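First comes the structure, then the notes that go with it.
Each value in this text was obtained by applying a stated rule to the coordinates, not by laboratory testing. As the structure is a prediction and not an experimental result, all values here were calculated from the model. Don't worry about glycine lacking a Cβ; one is built from the backbone with ideal geometry, like all the others, and counts go over all protein chains shown.
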Ligand SMILES: Cc1cc2nc3c(=O)[nH]c(=O)nc-3n(C[C@H](O)[C@H](O)[C@H](O)COP(=O)(O)OP(=O)(O)OC[C@H]3O[C@@H](n4cnc5c(N)ncnc54)[C@H](O)[C@@H]3O)c2cc1C
């Protein structure tokens, strides 16, 4: 059986972010399951491929768990300083890259026919009614890419 998301323990420790991993790994599980349905792979081979991909990120999951456990044990007084050092230090950029790579949304593929060439920028997301109009465009336009 393919398992993804919270059921597979893929919600990220420390931040509690679980939607992105559930989407990325859920789609990967679906991709592997589709190979079985199409007769391109045996169930065992597809499960093994999925397992290998997920386990390649195990060290990142473990790292987040260790940081979380460390922070829970640390004296509360040191936390603001630790966060400031982390947030502004050079380590932050590297850590964020690894954090993003845990469940890289670039792996996500949109099903044909439900996407449009209209993209919403971060600025538009904060732009109120104008942003809403752009966000609705894919539903009306729906040109596949
Ligand atoms: C309070 C809270 C706040 C959160 N905030 C964030 C956040 O800001 N950002 C973020 O990224 N993550 C957040 N998360 C985590 C995130 O919600 C989960 O990690 C994510 O939803 C996991 O997705 P999933 O599809 O694995 O599971 P779920 O979203 O739990 O989906 C599982 C679905 O399966 C259904 N189901 C269960 N059993 C059965 C059954 N026997 N038959 C049929 N259906 C069944 C459930 O009803 C549910 O709809 C938060 C979680 C909580 C609890």
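What number of residues within region 37-58 are surrounded by fewer than 17 Cβ atoms within 10 Å (Cβ to Cβ) and assigned to a loop (DSSP other than H, G, I, E, B)? So that I can check it myself, show each step before the final result.
Taking region 37-58 and keeping what is surrounded by fewer than 17 Cβ atoms within 10 Å (Cβ to Cβ), we get 37-40, 42-45, 48-49, 51-53, 55-56, 58.
With the extra rule that they be assigned to a loop (DSSP other than H, G, I, E, B), the set shrinks to 38-40, 42, 56.
Total satisfying the criteria: 5.
Give the residue, chosen from 43, 64, 72, 14, that is more than 11 Å from the ligand (Cβ to nearest atom) and on the phi > 0 side of the Ramachandran plot.
On the way: 43 fails: on the phi > 0 side of the Ramachandran plot; 64 fails: on the phi > 0 side of the Ramachandran plot; 72 fails: on the phi > 0 side of the Ramachandran plot.
The unique qualifying residue is 14.
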